[in-house]
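All of the numbers you see were taken from the coordinates with simple rules; none came from a lab. In this text, all values refer to a predicted model and were calculated from it rather than measured experimentally. FYI the Cβ positions are ideal-geometry reconstructions off the backbone, even for glycines, and counts take in every protein chain you see.
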Amino acid sequence: MIERIIVGLMYTNAYIFSFSKKECIVLDPGGDTDEIIERLNRKNLTPVGIVCTHGHLDHIGGVGQLKKHFMESGHNIKVAIHEADKHFTGKKAERAHRKSFARLGVDNSDLIDNLLTPIPEPEILLKEGMTVFNTDLKVIHTPGHTPGSICLYSENQSLVFSGDTLFFEGVGRTDLPEGDHEALLRSIREKLFVLPELTRVFPGHGPDTTIEREIKHNPFIN
């Protein structure tokens, strides 16, 4: 089961990916943690882990609150992110996120302070080819949007969570610190467009799509 929850000021797609009757992982809990928890409770699901497709705040802003909630319930939920985006978490997180806000032209210190909730350091550092937790989702390292951007691919279920690498007829922005446009396009062409064309794509923002559609119609790549 895949359930999408649109969260935060940037309308980020957080996903609940369940792989048994009671277990799941949560992908990119960028905000609105209460809504995510309510949805999990409604489905009677307990996450075994949190996976972040990259380190931008709109994708990891709710990680600390979500982890704390379930720890208080006796569940030690581990957090996973690619090793190249680790600096968006822990003690270095505030500096990295403030640089992103500055590039976006956001200078409202009160707004920034409210958004900068503590982000715990990950217990798991992801690398190319790893599978996450008890799922068949395999890590595809797709740098460009950030150095540690990843996609998560299930061959058995013919689906990929593409984070902010590939969207419906769009691609992730690369004008923020550490963005690399050529690397992003190379990641899409060499790592995503080689997947079976009927693979469903669940992106970090906007509606889902397929690899076939993006090969044929994505104006940023063609």
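Descriptive notes on the structure:
- The range 9-70 and the range 169-198 have Cα centres separated by 24 Å.
- Lysines with Cα under 17 Å of K216, excluding same-chain neighbours fewer than 8 positions away: K191
- Under the simplified labelling scheme, the I6-E190 pair shows an inter-label distance of 3.5 nm, with each label point 7 Å from Cα along Cα→Cβ.
- Using alpha carbons only, the radius of gyration of the chain set against its Kirkwood radius gives Rg/Rh = 0.94.
- DSSP bridge pairs, the chain: antiparallel proportion in percent, nearest 5: 60
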